[in-house]
Amino acid sequence: MATIVRGKNLEITPALKDHVEKQEKKVTKYFDNEVNVQALLSVEKDRKVAEITLKVDGVVLRGVEGNDDMYAAIDLVYDKLVRQIHKYKTRIARRMKKGTFNAALIEGPAVPEEPFEVARVKKFAARPMDVEEAILQMNLVGHDFFVFLNSKTDTISVVYKRKHGKYGLIEPEY
């Protein structure tokens with residue numbers, strides 16, 4: 001099990017790291033294979049925020065919770081991840097390799113899988129552009145994200161506006 005605990009505007013103490021590792025047992029018990037855990041603990045004004053990302057066999061689970069107390073935020077985010085596993089257990093189990101997901105550990109009946117409804121299909125010509133031009137185009141159309149053909153990598157990429165006002169870039173990994 002690989003666990004990475006990072007801090008943003010916060011020094012990671014051994015007690016915080018131990019608390020993250022202790023709480024991760026709540027979610028890792030549902031998986032037979034190795035689970036990579038990345039925890040980002042941050043302080044934003046007076047609020048403590050815990051962001052946990054789990055990666056196991058190509059499945060990514062992510063949760064973010066905030067509280068006045070960092071330990072409470074860590075507890076809340078792990079509880080949220082457990083609820084996600086319960087809610088999507090049939091979908092996760094289907095995506096996982098056979099035998100790597102302990103579905104029997106989750107109490108209660110499976111949530112019936114509801115089909116996703118696509119309300120609209122939109123097509124557009126993806127012309128090559130650099131990241132800066134894509135951000136400009138996104139701002140011109142007034143959207144929070146923009147899909148484009150990255151001229152430097154020759155792949156379809158996405159730029160998006162983050163909560164704090166900066167921008168993010170999503171690129172495919174091969």
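The values are calculated or read from the model by the stated rules, or taken from the named source; none is laboratory data. If you're wondering where the values come from, they're calculated on a predicted model, not measured in any experiment. Because the Cβ atoms are built from the backbone with ideal geometry, glycine has one as well, and the counts that use them run over all protein chains shown. Please note that ligands, DNA and RNA were not included when accessible areas were found on the heavy atoms of the full protein model with its side chains. Shrake-Rupley method; radii C 1.70, N 1.55, O 1.52, S 1.80 Å.
Points to keep in mind about this one:
- Hey, Asp18 modelled with pLDDT under 90, charged (D, E, K, R) and either more than 19 Å from the chain's Cα centre (by Cα) or more than 13 Å from Tyr71 (Cβ to Cβ) (or both) or not: no
- Checked against the criterion of being within 15 Å of the chain's Cα centre (by Cα), closer than 24 Å to Pro172 by Cβ and either hydroxyl-bearing (Ser, Thr, Tyr) or modelled with pLDDT of 85 or more (or both), the candidates Ile4, Ile92 yield just one match: Ile4.
- Residue pairs whose Cβ atoms lie under 6 Å apart, separated by 6 or more positions or on different chains, with the first residue in the range 35-53 and closer than 15 Å to His19 by Cβ and the second open to solvent by 60 Å² or more (accessible area, probe 1.4 Å), are Leu40/Arg6.
- When restricted to residues that are open to solvent by 20 Å² or more (accessible area, probe 1.4 Å) and either within 13 Å of Ile4 (Cβ to Cβ) or in contact with a Lys or Arg (Cβ under 9 Å, 6 or more places away or on another chain) (or both), the range 31-52 contains 7.
- Residues of the range 1-23 satisfying the condition of being surrounded by 14 or more Cβ atoms within 10 Å (Cβ to Cβ) and in contact with a helix residue (DSSP H, G or I) (Cβ under 7 Å, 6 or more places away or on another chain): Thr3, Val5, Leu16, His19, Val20, Gln23
- Hits in the range 21-49 - residues which are modelled with pLDDT of 90 or more and over 28 Å from Tyr88 (Cβ atoms): Val43
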